Each structure stands twice: as structure tokens, then as C-alpha cells.
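These notes are about the structure you will find just below.
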Amino acid sequence: MESICWPCAAPSLDPRQTVGEILAEPLRTHNLADGHARAPRIVDLLRVVGLDPTFVNRYPHEFSGGQRQRIGIARALAVEPDLIVCDEPISALDVSIQAQVINLLEQLQREFGITYLFIAHDLAVVRHIADRVAVMYLGKIVEVASSDALYSRPLHPYSVALLSAVPVPDAVAERSRRRIILQGDIPSPSSPPSGCRFHTRCWLRERLGNPDICMSVEPQLSSPDPHRPDHVAACHFVSELTNMVQPGAFLPAETAAPAPP
Ligand code: SF4
């Protein structure tokens, strides 16, 4: 069974329902923990996400943002899912609370063997939590790789630009890095550019003299290295890119960071 965890729990929690009623709903809908078993199951769910079970009769507005996110996670866990889609689960939280929620998600994963599909814009968090990463641009996946491979050797110009924007907590390394700032507006996803949909903003295409193929032929995901078939990117000029970006250019502070191209 799949479940979902929302970016900001507050709008997804009915303000007229107590926490107990909120957690009872998926149990009732899926015929789980009926009758006398329901109350202990709700207590159990609250404990699992680190909330005091005596809060069961409180309403969502009586909780902090981090606590509300824990209620959202408890609700996702209620149906005993194999997969939870975490849609920006920490983006609305303070940094210190973000770390607590990430730790909780990791602990639950170890405990219950859950798979997460984790959607996020924070690349440091993605690197920390993900085994495999898919980079999307304008609604299409442009690169897929293991987390280590993506951060040590990105194969798509959009991934390179994203990683160049991640701050490095090392003043010397940070000064030696050059950020790639993408030019132009983001096109409409409902009417994407022809060929490669990144071509209107692609710094690599510009450096290569604006080849026509980028405008006319949509690149497919493929691997440039037969020894690494699980690292794929959708770009006609992956080889040119790998010659420009040094391996390890985007590793974290302790090993960073030669300048990107
Ligand atoms: S195919 Fe062309 S426009 Fe698209 S990412 Fe590669 S170089 Fe850039």
C-alpha cells in the first residue's frame, strides 16, 4: 500500500478534528484496527512519531509546525504502507526542526522497511537521504543516478547548474567556486520548447556554439558509460560536458571544490 506525506501538514489536517479523529480516519477507511483495537493503535502511532499520546484529544492548531508534520507522518503510517510519497515534507519547517523530521523518517525507514519517494528542492537534504536521485526539468526527468554518482559526476548541464548553487560551508572552497546562473525565463510546462526542453537556458549549448540538434531532436535518457548503465542523462553532448566538469567538483565541503566550468 502507498501513502503520502504533504509539504505543509496544516492544510491537510481538518481543523475541526482532533488528532485521534484524524488518525482514526485511514484506519476506518481501510478496515484496519476496528473496534477496541483502534484506540491503542492511535496511541501507538503517536508514540512512533514521537508525540505524547495524551495529545490525542487536541486539535491541529494546538501543535507546532514540526508536531503537525509528525501527525501527518503518523497518518501516513496508519495504513502500514510499503511506499510513502514525501512531497517536500520539510520545506515549510525551520532548519532545526527539518533535521528532527529527517531523523524521524530515517528511523521509521529502518524500523518498518519503508521506501520513500522523496520530492525536494534542497539538494543537501537530497544527498543526505536519497539512494537514487532523479533530476527533473520542466516536468521531465533529465538525469538519474545514485546519489554518490550524481553529486560526484553530474552528466546533465541542468544538474551541474543546480549543484553549482549549493553553498559550501568552507570560505576558501566557496570563493574558488563559480556559480552557473541560468539565463532567461522558465518556459511554460504546458508548451515546452522543441527538441531538448532545456535548450532555451542551456549554458553548455551556448558554449558549444548553439548546435541546431538541441532545438530539433529531443534527447533520450542514456548512459555514456557501458560500465555504469544505471547513470543516465538526456543530453546530446554528455561527452563534452564530462570533459568540462572535473569529477568531485560538487562533493561536500571537506573534499570541495574545484571551480565548475
Ligand atoms: S541537448 Fe543541448 S540543450 Fe539539451 S542539455 Fe544537452 S547541450 Fe543543453
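Between a residue in segment 99-114 that is touching a residue at least 12 places away in the same chain (Cβ under 8 Å) and any residue that is part of a helix (DSSP H, G or I), which pairs come within a Cβ distance under 6 Å, given they are 6 or more apart or on different chains?
Val101/Gln69
Can you pull out every residue in segment 18-47 that is surrounded by fewer than 18 Cβ atoms within 10 Å (Cβ to Cβ) and among the β-branched types (Val, Ile, Thr)?
Thr18, Thr29, Val43
Condition test on Asp170, is it surrounded by fewer than 17 Cβ atoms within 10 Å (Cβ to Cβ), assigned by TED's automatic domain parsing to the domain that holds Ser239 and away from the ligand (no atom under 16 Å from the Cβ)?
Working: surrounded by fewer than 17 Cβ atoms within 10 Å (Cβ to Cβ): yes; assigned by TED's automatic domain parsing to the domain that holds Ser239: yes; away from the ligand (no atom under 16 Å from the Cβ): yes.
Considered against the rule, which asks whether it is surrounded by fewer than 17 Cβ atoms within 10 Å (Cβ to Cβ), assigned by TED's automatic domain parsing to the domain that holds Ser239 and away from the ligand (no atom under 16 Å from the Cβ), Asp170 comes out as yes.
Among the candidates Ser96, Ser147, Ser152, Ser64, which residue alone is over 17 Å from the mean Cα position of the chain (by Cα) and under 30 Å from Leu208 (Cβ atoms)?
Details: Ser96 fails: under 30 Å from Leu208 (Cβ atoms); Ser147 fails: over 17 Å from the mean Cα position of the chain (by Cα); Ser64 fails: under 30 Å from Leu208 (Cβ atoms).
None of the other options fit; the residue is Ser152.
Among (1) more than 11 Å from the chain's Cα centre (by Cα); (2) in the same structural domain as Pro15 (by TED's automatic domain parsing), there is one condition Val125 misses while meeting the rest; what is its number?
(1)
Taking the condition of being part of a loop (DSSP other than H, G, I, E, B), of a type outside the set (Phe, Trp, Tyr) and surrounded by 12 or more Cβ atoms within 10 Å (Cβ to Cβ), how many residues in segment 189-213 meet it? Steps first, answer last, please.
Residues of segment 189-213 that are part of a loop (DSSP other than H, G, I, E, B), as a first pass: 189-202, 208-212.
Those left that are additionally of a type outside the set (Phe, Trp, Tyr): 189-197, 199-202, 208-212.
Filter again for surrounded by 12 or more Cβ atoms within 10 Å (Cβ to Cβ), leaving 192-197, 199-202, 208, 211.
Summing the residues that are part of a loop (DSSP other than H, G, I, E, B), of a type outside the set (Phe, Trp, Tyr) and surrounded by 12 or more Cβ atoms within 10 Å (Cβ to Cβ) in segment 189-213 gives 12.
The values are calculated or read from the model by the stated rules, or taken from the named source; none is laboratory data. Computed from a predicted model, the values in this text were never measured in an experiment. Virtual Cβ from ideal backbone geometry, glycine too; neighbours counted across all protein chains shown.
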